[in-house]
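Notes follow once the structure below has been shown.
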Amino acid sequence: MDLPDKQEEACGVFGIYAPEEDVATITYFGLYALQHRGQESAGIATFDQTDDGSQFYLYKDMGLVSQVFNERTLAELPGSLAVGHTRYSTTGASRIINAQPAVVDSRLGKIALAHNGNLVNVDELRESLLAADVKLQTTTDSEMIAYAIAEEVNAGKDWIEAASIAFRRCEGAFSLAIATPDGVIATRDTHGIRPLVIGRMGDETANGMSRYVVASETCALDIIGATYVRSIEPGELVWLSEGGLTSYTWAPKQERKLCVFEMIYFARPDSVVNEESLYSYRLRLGQQLAVESPADVDLVLGVPDSGIPAAIGFSQAAEIPYGEGLIKNRYVGRTFIQPTQSMREAGIRMKLNPLKDVLQGKRIVIIDDSLVRGTTSYKIVRALREAGAKEVHMRISSPPVTHPCFYGIDTDNQDQLIAAQKSVEEIERKIGVDSLAYLSWEGMMKATQQEPNTFCSACFTGKYPIAIPEPMQQTKLRFESIRR
Ligand code: SF4
């Protein structure tokens, strides 16, 4: 069975300044923990600060982190500081030239930039860079940000000033880790749409300094034994250098708009957001779902792995036993060699195997974290029925996804989002369930235990916190373009 169709992840970024450490290997493990955020390519750039100046090293390739790097390639990346990136392509074709970190030259040396997010003013930025005679090498917005910094550096600014000016030219979602010969710059856009956290490494150095890392999620801090310090603030620039960590502000803070889909699905359940693990949040989503849309069943199942915390929460609140009725082949996982579309359509089995003896004669409710295209849900339902389930009900621990994302998540066009096209009853028939219900938007927000206005939830509401230029809207918002 195919794994369920989902919104595709964004990217993972990591940065470190620690001259006494093997920064490339630490970055490798950071990226390894962030692998779920992007499986197409991986890269690490380092600067080795010596008495003769800073030497630059880079290695990137297509594939998973563990496929791209080995002990030999990591040994060829000496350095005092590093940035790393694991990529899912949201802009630019999936080619090695678009793999990150994106590297450009400047008056003060090379800039290696790792980006998570999407700019919405790419056309404007591209035009202004081309007008300044910049020779863009790739089709990514990430390279444009690097060139925008280089332009200011070449005009005589220092790193902090140049980056601050460049960031003010960018609109959209961007969490960045940028290696320079002198230190690492990390920042988030003014709404903080994509996450980026700071961690502290070990003890203070002999000169009383602490060493810091930045990463997309706290799970990347845990794997390297770093302590979570805090999230980078929207509009904040963090500079990691010989002097430790210095914080600057390049734009007044606007209303926070963390992507709520990070909470529901993208980020790992063991990552911490707003001081608690996402596992706890997802448990509450399931509890709330059981209150809003109960099901008269014998057993609660979760779609592995991402639906399981909400399924456990549902089971707790409904006081119905939770069971494992679908076993995932843990050794299939994500593979660099993706099946072709025709293979997928022919039904290639990527291993979710139903347990007949658990399911036989049972009325079950299966919980998933989201329903985006609906192309594989019916296969799960069919397999559950073939395994003997008497009734199959489906509950989704988020609201219907009706709008595409423009901020770094690869959603389909609006006309491919099943909830934008069909009513709940039509989807029930299409996927073959006895009943289907989604969590309400209010329920999803209540479970965050935070102020709802501090999240972006545009793919559920169509209310985009950063205006999407008309030409970009037309690429994805097909229904709305037609309606207009
Ligand atoms: Fe996240 Fe959806 Fe907003 Fe995109 S539109 S940033 S996926 S909540």
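Only the coordinates and a few stated rules stand behind these numbers; no lab work does. Small disclaimer: the values here were computed from a predicted structure and weren't measured. Every residue, glycine as well, gets a Cβ built from its backbone with ideal geometry; the counts of neighbours run over all protein chains shown.
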For this session: Within the stretch 220-237, which residues have the backbone N less than 19 Å from the label spot 7 Å out from SER128 along Cα→beta-carbon, could you tell me?
Result: 235-237
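What percent do you get for the relative contact order of the chain when only Cα pairs under 8 Å and 6+ apart count?
Working: 1188 pairs, mean separation 71.3, N = 484.
The value is 15 percent.
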Problem set entry | Per-peptide average of other Cβ atoms within 10 Å, ordering 306-314, 453-461 highest first | 306-314, 453-461
For this session: Determine the principal axes of the Cα atoms in the stretch 1-151, then give the extent along each, sorted from largest to smallest and rounded to whole angstroms.
Result: 52, 41, 20
Problem set entry | Out-of-range pairs (alpha-carbon distance over 26 Å; input LYS135/LYS257; LYS257/LYS476; LYS110/LYS257) | LYS135/LYS257; LYS110/LYS257
For this session: Tally the DSSP beta bridges in the chain and give the antiparallel ones as a percent, rounded to 5.
Result: 80
Exercise. So, in nm, how far is label ASP203 from label ASP105 when the simple model puts each one 7 Å beyond its Cα toward the Cβ?
Worked result: 4.5
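Show me 209-217, 167-175 ranked by packing, highest mean number of other Cβ atoms within 10 Å first. Intermediate results must be reported in sequence, preceding the final value.
Working: 209-217: 25.3, 167-175: 22.0.
Ranking, from highest mean packing down: 209-217, 167-175.
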Exercise. Could you work out the helix-only [θ] at 222 nm for the chain, with each DSSP H run of four or more residues adding -39,500 (n - 2.57) and the total divided by the number of residues, to the nearest 500 deg cm²/dmol?
Worked result: -7500 deg cm²/dmol
Exercise. With r defined as the distance between the Cβ atoms of LYS356 and TYR248 and R0 fixed at 56 Å, what FRET efficiency is calculated, to the nearest 0.05?
Worked result: 0.40
Exercise. Taking +1 at the Cβ of each Lys and Arg and -1 at the Cβ of each Asp and Glu, which of LEU176, PRO234, GLN360 sits farthest along the dipole of the chain towards its positive end, judged by Cα position relative to the Cα centre?
Worked result: GLN360
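Assuming a ≥ b ≥ c are the square roots of the Cα gyration tensor eigenvalues, decide whether the stretch 387-484 counts as rounded (a/c under 1.5), prolate (otherwise, with a/b larger than b/c) or oblate.
Details: a/c = 2.77, a/b = 1.41, b/c = 1.97.
Oblate shape, in that a/c is at least 1.5 and b/c is the bigger or equal ratio.
What does the charge add up to near PRO469, with Lys and Arg as +1, Asp and Glu as -1, over the other residues with Cβ less than 11 Å from its Cβ? Don't skip to the end; give the middle numbers.
Working: positive: none; negative: ASP123, GLU124, GLU171, GLU470.
Taking every other residue near PRO469 into account, the sum is -4.
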Exercise. With all pairs of different alpha carbon atoms counted, what Kirkwood hydrodynamic radius in Å does the chain show?
Worked result: 23.2
Exercise. Taking LYS390 as the anchor, which aspartates and glutamates have their alpha carbon closer than 15 Å to its alpha carbon, excluding any fewer than eight residues away along the same chain?
Worked result: ASP296, ASP298, ASP357, ASP434
Exercise. So what J values fall out for the stretch 449-461 if you push phi through Karplus, 6.51 cos²θ - 1.76 cosθ + 1.60 with θ = phi - 60°, rounded to Hz, Gly and Pro as x?
Worked result: 6, 10, 5, x, 5, 8, 10, 7, 9, 4, 6, 9, 10
Problem set entry | the stretch 429-439 - phi-based ³J(HN,Hα) in whole Hz, Karplus 6.51/-1.76/1.60, Gly and Pro as x | 5, 5, 8, x, 9, 6, 7, 9, 8, 9, 5
For this session: Between ILE223 and GLN137, with labels modelled 7 Å along Cα→Cβ, what's the label distance in nm to one decimal, could you check?
Result: 2.6
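In what sequence, highest mean first, do 353-361, 291-299, 218-226, 261-269 appear when ranked by Cβ atoms within 10 angstrom? List each step's numbers first, then the result.
Details: 353-361: 14.6, 291-299: 17.0, 218-226: 21.6, 261-269: 23.8.
Listed from highest to lowest mean packing, they are 261-269, 218-226, 291-299, 353-361.
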For this session: Convert each backbone phi in the stretch 217-226 into a coupling constant with the Karplus relation 6.51 cos²θ - 1.76 cosθ + 1.60 (shift: θ = phi - 60°), then list the ³J(HN,Hα) values in order as whole Hz, x for Gly and Pro.
Result: 9, 5, 4, 6, 6, 4, 5, 9, x, 8
